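Just so it is clear, none of the values below were taken in a lab; they were calculated from the coordinates. All values reported here derive from a predicted model rather than from experimental measurement. Cβ sites come from the backbone with ideal geometry, for glycine too, and all protein chains shown count toward neighbours.
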Amino acid sequence: MADLSVLPDGDLRLRPVSLPGDSEVAWAWYQDVETLALSERPGTEPMSRDRVARMYQYLAAHGEFYIIELRDEDGAGVNGSWRPIGDVMLAPDTLPIVIGDPSARRRGIGRRVLALLIARARQLGWPTLQAKEIWLYNEGSRRLFQSAGFVLTATGVDPGGQPYERYRLDLRTPD
């Protein structure tokens, strides 16, 4: 992977992951039942610190892996004035966006993160992006990708029996 830099959008930014420290910060997110249902699947057990660390190492090795951060209003957050709220990986065939901090959900952050990822993929010259498994029950994610111009390309059922949809965005067309 190329050297990554921060992808900014005002009071939100995507910062390249720093290991092992960021996996420790993220561990709390992967204890949350709603986060696990949306990012893994319903009924997923909370992850151990070691499992989160291994997951972060894998994601960092297989795509551009970022921590999603919001600027703290009082400037007293972790990392100076930035507060980590989730993670995201950019790869041509997958775009897992995890808003791990429940207080940051349903505020349009996913839409802003996705816009930054699309711009980055265009900068890299990629022809397409794909969201490979969005479970049918995750209506918010389905709407997010559809609103960004992704089109449904396939449906399926994962090995655990959970139905999903796959979406793709053609980056060769104008915004």
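Output needed for the stretch 74-150: three equivalent-ellipsoid semi-axes, defined as square roots of 5 times the C-alpha gyration tensor eigenvalues, in descending order, whole Å.
Over the Cα atoms of the stretch 74-150, the ellipsoid semi-axes are 24, 17, 10 Å.
Tell me the mean residue ellipticity at 222 nm calculated for the chain from its helices only (DSSP H runs of n ≥ 4, each -39500 (n - 2.57), averaged over every residue, nearest 500). Could you put the intermediate results ahead of the total?
On the way: 5 runs with 52 residues, N = 175.
Estimated from H runs of four or more residues: -9000 deg cm²/dmol.
Using Cα-Cα distances under 8 Å and only pairs 6 or more residues apart, what relative contact order does the chain have, in percent? Could you put the intermediate results ahead of the total?
Values: 273 pairs, mean separation 28.9, N = 175.
Computed value for the chain: 17 percent relative contact order.
Which order results if Val17, Val25 are arranged by neighbouring Cβ count within 10 Å, fewest first? Could the numbers behind the result be given before it?
On the way: Val17 24, Val25 19.
So the ranking, lowest neighbour count to highest, is Val25, Val17.
Run the numbers for Tyr58 and Ala115: contour at 0.36 nm per residue of separation, minus the present Cα-Cα distance, in nm.
The Tyr58-Ala115 span can extend by a further 18.1 nm.
Equivalent-ellipsoid semi-axes (√(5λ), Cα gyration tensor) for the stretch 102-142, whole Å, largest first? Before the final figure, lay out each step's value.
Numbers: eigenvalues 99, 47, 6 Å².
Taking √(5λ) for each Cα gyration eigenvalue gives 22, 15, 6 Å.
Pop out the ³J(HN,Hα) list for the stretch 131-146 in order, Karplus 6.51 cos²θ - 1.76 cosθ + 1.60 with θ = phi - 60°, rounded to Hz; leave Gly and Pro as x.
9, 7, 9, 10, 5, 4, 6, 8, 4, x, 5, 4, 5, 4, 5, 4
Please rank Leu129, Leu4, fewest neighbouring Cβ atoms within 10 Å first, as an exposure proxy. List each step's numbers first, then the result.
On the way: Leu129 26, Leu4 16.
Lowest count first: Leu4, Leu129.
Can you give me the long-range amide H partners of Ile85? Hydrogens built in the peptide plane at 1.01 Å from N, cutoff under 5 Å, separation of 5 or more residues or another chain.
Ile68, Glu69, Leu70
Please report the net charge: other residues with Cβ closer than 10 Å to the Cβ of Leu152, K and R +1, D and E -1. List each step's numbers first, then the result.
Details: positive: Arg142, Arg166, Arg168; negative: Glu165.
That works out to +2.
State the extension gain, in nm to one decimal, for the chain segment bounded by Ser103 and Gln146, taking 0.36 nm per residue of separation less the distance between their alpha-carbons.
Values: separation 43, 0.36 × 43 = 15.48 nm, distance 2.38 nm.
That pair, Ser103 and Gln146, stretches by 13.1 nm at full extension.
Relative to 2.2 N^0.38 Å, what does the C-alpha radius of gyration of the chain come to as a ratio? Two decimals please.
On the way: Rg = 15.6 Å, N = 175, 2.2 N^0.38 = 15.7 Å.
That ratio works out to 1.00.
Sorted from fewest to most neighbouring beta carbons within 10 Å, what does the list Tyr56, Tyr66 look like?
Numbers: Tyr56 24, Tyr66 27.
Exposure proxy ranking, most exposed first: Tyr56, Tyr66.
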